[in-house]
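Bear in mind these aren't lab numbers, they're just calculated from the coordinates by the rules spelled out. Just so you know, these numbers come straight off a predicted model, no measurement behind them. Because the Cβ atoms are built from the backbone with ideal geometry, glycine has one as well, and the counts that use them run over all protein chains shown.
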Amino acid sequence: MKMNKLIIIKYGELTTKKGNIKFFIKTLKKNIEVALTDLDFKIEYDNGRMFISSETLDEVRDRLKYVFGIHEIVEGYEYDSIEIEDIKENLKSLVTDKEIGSFKVRTKRSFKAYPLTSMEISKILGGVVLKNAASSKVDVHDPETLIDVEIRSNKSYIYFESTPGLHGYPVGVQGKGMLMLSGGIDSPVAGFLSMKRGVRIEGIYFESPPHTSEAAKDKVKSLTRLLANYSGYIRLHVINFTEIQEAIYKNIPHEYLITIMRRMMYRISERIAHKNNAKIIINGESIGQVASQTLTSMAVINEVVRMPVIRPVACLDKLEIIDISKKIGTYETSILPFEDCCTIFVPDHPVINPELEKCLEYEKMIDFESLIKDAIRNEEVLTIEKDEKKFEDLL
């Protein structure tokens, strides 16, 4: 009887999509193919499962941990028979003389015409384990070993262990978003969480040479590369913000520096987003964390754009954001001590409840429109792909 060791992917949330499920699964397959580009593998799939065969299953499994849209990653055994006697023999060969401990057999039949119920199959196979494993006992509530058996139309599968996936939706199914990417801790986490919901992100970074250094820019490129491990690649738009920032510093009352600066960044981000077919702006703002992130400040700053602004970390505290940044591998890069646009020219007492009327009045003092057009005209666009060495270090 033919046996094939392979990886089985469970979709999880994707199965709720019903009419759109084929689009979601095809996008997931495409993203997996990108993640496994340099490996030899074969993918088969249907609306219930995806199956990956390869001579390098360990490497495949490790890379799949960084692909959104996967609920569980299972390394299991595929057999070309669904006869109960064959399934019994196959399970026997896997458990004989093995230390199983307490166990539960869980059976799933997608082939509903099968002559036995799932419960009947589990009971029969439980007897096989009790008779052949070195040490075993049934525990249906809290088993040490969960033995899964799946019976499909012409094949059966047995597996013992699963690895949690990243969950969420495959990157790209929800369209594109423009991430305002600074060198801090929060915005990379916001980008990660957006990708988890199926958004393909492009980054926008505001540099202000000579006030910000080339090292600060390199730091943002490194953060972009780390995020690209979860999506294959990310385009980064670099905007020279020097003239705008200096004009603000010279002409605007200093307590309003940050508010006006953020309004300019929003204006530019929206135009870059429209230019690149992005549907939303994404940033790492967290309510109340700094002066520009009070509810009043957010409302006044947000007033300059009509495009939706998504703030994935808005209701997380700093420790929660840090915890996610450590898990996704961006924290150590984020804390490197290089200043960005948001940390230079910071006034001693920035306004925390800015007035929209004052902002509109102050902005009339400078020809910002021509400065914004120049900044957009001279943008630098970089396509940053995942760093294979960095990717290996994360695993």
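Below is a table of values for the structure above.
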| read-out | value |
| --- | --- |
| Straight-distance crosslink candidates among lysines, where the alpha carbon sits under 26 Å from LYS279 and sequence neighbours closer than 8 are dropped | LYS17, LYS18, LYS22, LYS26, LYS29, LYS30, LYS176, LYS196, LYS217, LYS221, LYS373, LYS386 |
| Fluctuation leader among ILE21, ILE301, ILE185 - the chain, Gaussian network, Cα springs under 10 angstrom | ILE21 |
| For region 3-164, alpha-carbon Rg over 2.2 N^0.38 Å | 1.08 |
| Residue order, fewest to most beta carbons within 10 Å, for CYS341, CYS315 | CYS315, CYS341 |
| Selected from ILE9, GLY183, GLY232, residue furthest toward positive end of dipole (the chain; charges at beta carbon) | ILE9 |
| Kirkwood Rh, Cα atoms: Rg over Rh of region 70-214 | 1.26 |
| Assigned charges on the beta-carbon of Lys, Arg, Asp, Glu; the chain dipole about Cα centre (debye) | 1520 |
| Angle between the chain longest axis and helix 186-196 axis [Cα atoms, degrees, rounded to 10] | 40 |
| Distance from region 3-48 to region 181-254 (C-alpha centre basis), Å | 32 |
| For the chain, calculated [θ]222 nm from helices alone, where every DSSP H run of n ≥ 4 adds -39500 (n - 2.57) | -11500 deg cm²/dmol |
| Cα centre as origin, Lys/Arg/Asp/Glu Cβ charges: region 208-267 dipole, Debye | 260 |
| About the Cα centre, charge dipole magnitude for region 252-395 (Lys/Arg +1, Asp/Glu -1 at Cβ), debye | 480 |
| Longest exposed-site-free window of the chain, the sites being trypsin sites (Lys or Arg not before Pro) in a DSSP loop that have at most 11 other C-beta atoms within 10 Å | 113-305 |
| Where only alpha carbons of region 176-394 are counted, the Rg and the Dmax (Å) | 16.4, 52 |
| Distance between modelled label sites at LYS131 and LYS250, nm, 7 Å Cα→Cβ extension | 9.0 |
| Full-stretch length increase - LEU382, LYS88 - with 0.36 nm per residue and alpha-carbon distance subtracted | 100.2 nm |
| Cβ-based charge dipole, the chain, positive-most Cα from SER334, GLY19, ILE248 | GLY19 |
| Per-residue ³J(HN,Hα) for region 29-38, Karplus 6.51 cos²θ - 1.76 cosθ + 1.60, θ = phi - 60°, Hz, x for Gly and Pro | 4, 4, 5, 5, 4, 5, 5, 9, 2, 8 |
| Residue among ALA133, SER110, TYR159 farthest towards the positive dipole end of region 90-161, charges placed on Cβ | SER110 |
| Kirkwood hydrodynamic radius over Cα pairs of region 47-124, then Stokes diffusion coefficient at 20 °C and 1.002 mPa s, in µm²/s | 140 |
